[in-house]
């Protein structure tokens, strides 16, 4: 339902996703997410980007992590995956169509999982977080940047009912998925909040 509409919209936007003011905003959020991720995990060997879009964040991490052996991205919008593959020039980059709720990797496959402005579109956020925890090694890091409202109202109306749009709700979901050492960070671009956690 809502997820299908989101996927269709992102399929349409994929070819020009990195252009214009939205592209600049996306780059800013991704660049700051990369900075934070590499502060917590300075030399990740295996990185997964859930809701990778056009692959910008993974390309940035690849450029800054010469020792990484795997840089994987997954996105429900197949046009985003096609665009990411077309823009990839690093042989370590791999992009697959799919969802957070059904990650096609084995347990403990990654030591860093990142996600920027994708979480709000997951059909089942709890299942997606559980999958993120499953594919992380013990002690691995999650960096999740998305819309986290200071108010409850956006989480109880319309298609976003039940979404983890508050810090409290997101914290409960992350804890239930098996994450600990949660830390909230200053918002990016006014509306974006970031939470980091350890598996």
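Every read-out reported here was derived from the displayed coordinates using simple, explicitly stated rules and does not represent laboratory data. Note that the structure is a prediction, hence the values are computed from the model and not measured. For neighbour counting, all protein chains shown are included, and Cβ atoms are generated from backbone atoms with ideal geometry for every residue, glycine included.
Assuming R0 = 35 Å, can you tell me the calculated FRET efficiency for the pair residue 82 and residue 43, based on Cβ-Cβ distance, to the nearest 0.05? Before the final figure, lay out each step's value.
Details: r = 31 Å, r/R0 = 0.87.
Calculated value: 0.70.
For the ranges 70-83, 120-133, what's the packing order if you count other beta-carbon atoms within 10 Å of each residue, average per peptide, and put the highest first?
Numbers: 70-83: 22.4, 120-133: 20.6.
Packing proxy ranking, top to bottom: 70-83, 120-133.
Can you give the extra length, in nm with one decimal, that the chain gains between residue 67 and residue 124 once fully stretched, where that is 0.36 nm per residue apart less the Cα-Cα distance?
Numbers: separation 57, 0.36 × 57 = 20.52 nm, distance 3.35 nm.
Result: 17.2 nm gained on full extension.
Over the residues of the range 25-102, compute the C-alpha Rg and express it relative to 2.2 N^0.38 Å.
Working: Rg = 11.7 Å, N = 78, 2.2 N^0.38 = 11.5 Å.
So the Cα radius of gyration is 1.01 times the expected 2.2 N^0.38 Å.
Tell me the label-point distance for the pair residue 191, residue 90, using the 7 Å Cα-to-Cβ offset, in nm and rounded to one decimal.
For the pair residue 191/residue 90, the computed spacing is 2.9 nm.
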